[in-house]
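The structure under discussion appears below in the form of structure tokens.
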Amino acid sequence: MVVTSAVPGPRDDDAAVAAPLRLVAVTHGAPSGANREAIMRLVDGVASARPELDVAISFVDARDGDLAVDLVSGDGPAPVIVPLVLSAGFHVRTGLSLGLQRIGADAGLAEALGPDDRIVEVLAGRLARAGLERDDAVVLAAAGSNDPRAVRECFETARRLGLKLGRSVTVGFIAAAIPRLPDAIEMIREVHPGERIAVAPYLLAPGAFSDAAAASGAELVADPLLLPGEPAPAELVALVLDRYREAEAERRVAV
């Protein structure tokens, strides 16, 4: 399933548009209303920051075996596709990449958003706003992947968050990898009985995975990185644009 909508911004007719920017939110099933609105907040931030670009968003079901066909249609310059995912698992590294090669598209494909210290800044801010205290144990709740590299990237994010917070951070996966989130929480309780546990969802937006994090039984669960009721953090807008610039530079060299 691919759902596409354009996000028009102010246009400057004198601006040279290097390539339209297509943002791909890789979902698992139909996105909820809150999920779509939260991600659109990020897309709106990108469009406002770079009004000379044609910015569009596609919600792509990761279970779709043909992820790329509908992403590069139309005339004009080939787009640069920025997957709105924190870790690039099979669906991005294989599904999107091979799909673009198969149809002979000249589109650029950016790297996943994470790991990146700007994501860590937002994670730390979400924890602080939720009421993180000095002695709390912290668990990074990640979606999980069958791709070992994506799993390693989650552990790298936990390491960076630990440096930011000045304490160790445990990783718990909601699906597809171990340790599973409930097991990670239980392990901490066995080793440090009575210690309060704070969960930092390493998730872009609300949805089934954030619901699972909220139901994990931890004493404190922070919000995901994007929320439907507020503007996207400036750090994430800048990160998306950096991924776009990197991919566009590579595409220009390759063409």
(message) Take residue 55 and tell me if it is under 21 Å from the mean Cα position of the chain (by Cα), within 18 Å of residue 241 (Cα to Cα) and either at pLDDT 90 or above or among the hydroxyl-bearing types (Ser, Thr, Tyr) (or both).
(response) yes
(message) All but one of (1) under 30 Å from residue 55 (Cα atoms); (2) in contact (Cβ under 8 Å) with a residue 40 or more places away in the chain; (3) not hydrophobic (A, V, I, L, M, F, W, C) hold for residue 245; state the number of the condition that does not hold.
(response) (2)
(request) Look through 228, 193 and report the one residue that is assigned to a loop (DSSP other than H, G, I, E, B) and over 20 Å from residue 35 (Cβ atoms). (result) 193
(request) For the range 95-107, indicate whether the set of residues that are of a type in the set (Ser, Thr, Tyr), in the same structural domain as residue 238 (by TED's automatic domain parsing), more than 24 Å from residue 227 (Cβ to Cβ) and outside any loop (DSSP other than H, G, I, E, B) is non-empty. (result) yes
(request) For the range 220-242, enumerate the residues that are over 14 Å from residue 83 (Cα atoms) and either without any contact (Cβ under 8 Å) to a residue 60 or more places away in the chain or among the small types (Gly, Ala, Ser) (or both). (result) 222, 229, 232, 234, 238
(message) If I ask for residues that are over 21 Å from residue 248 (Cβ atoms) and assigned to a helix (DSSP H, G or I), which ones from the range 33-59 would you list?
(response) 33, 34, 35, 36, 37, 38, 39, 40, 41
(request) Please tell me if residue 82 is modelled with pLDDT of 70 or more and over 30 Å from residue 155 (Cβ atoms). (result) no
(request) Say whether the condition of being surrounded by 14 or more Cβ atoms within 10 Å (Cβ to Cβ), closer than 30 Å to residue 230 by Cα, under 17 Å from the mean Cα position of the chain (by Cα) and of a type outside the set (A, V, I, L, M) is met by at least one residue in the range 190-201. (result) yes
(request) Among the numbered conditions (1) under 22 Å from the mean Cα position of the chain (by Cα); (2) surrounded by fewer than 19 Cβ atoms within 10 Å (Cβ to Cβ), tell me where residue 187 comes up short. (result) (1)
(request) Could you figure out which of (1) surrounded by 20 or more Cβ atoms within 10 Å (Cβ to Cβ); (2) touching a Gly at 6+ places or on another chain (Cβ under 6 Å) isn't true of residue 147? (result) (1)
(message) Among (1) crowded, with 17+ Cβ neighbours inside 10 Å; (2) over 14 Å from the mean Cα position of the chain (by Cα), there is one condition residue 204 misses while meeting the rest; what is its number?
(response) (2)
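Here is a yes/no grid of residues against (1) out of contact with any helix residue (DSSP H, G or I) (no Cβ under 6 Å at 6 or more places or on another chain); (2) in a helix (DSSP H, G or I):
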| site | (1), (2) |
| --- | --- |
| 175 | yes, no |
| 182 | yes, yes |
| 206 | no, no |
| 213 | yes, yes |
| 235 | no, yes |
| 244 | yes, yes |
(message) So, residue 99, is that one within 19 Å of the chain's Cα centre (by Cα), closer than 22 Å to residue 43 by Cβ and modelled with pLDDT under 95 or not?
(response) no
(request) Can you give me the number of residues within the range 150-165 that are free of Cβ contacts under 8 Å to residues at least 40 places away in the same chain and within 16 Å of residue 111 (Cβ to Cβ)? (result) 1
(message) For the structure I just gave you, tell me whether residue 198 is within 23 Å of residue 34 (Cβ to Cβ), among the aliphatic types (A, V, I, L, M), assigned to a loop (DSSP other than H, G, I, E, B) and touching a Gly at 6+ places or on another chain (Cβ under 9 Å).
(response) no
(message) Suppose we keep only residues that are crowded, with 24+ Cβ neighbours inside 10 Å and over 13 Å from the mean Cα position of the chain (by Cα) within the range 211-226. Which one would you say is nearest to residue 237 (Cα to Cα)?
(response) 222
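The values are calculated or read from the model by the stated rules, or taken from the named source; none is laboratory data. Here the structure is a predicted model, which is why all the values come from computation and not from measurement. Cβ: placed from backbone, ideal geometry, glycine included. Neighbour counts: every protein chain shown.
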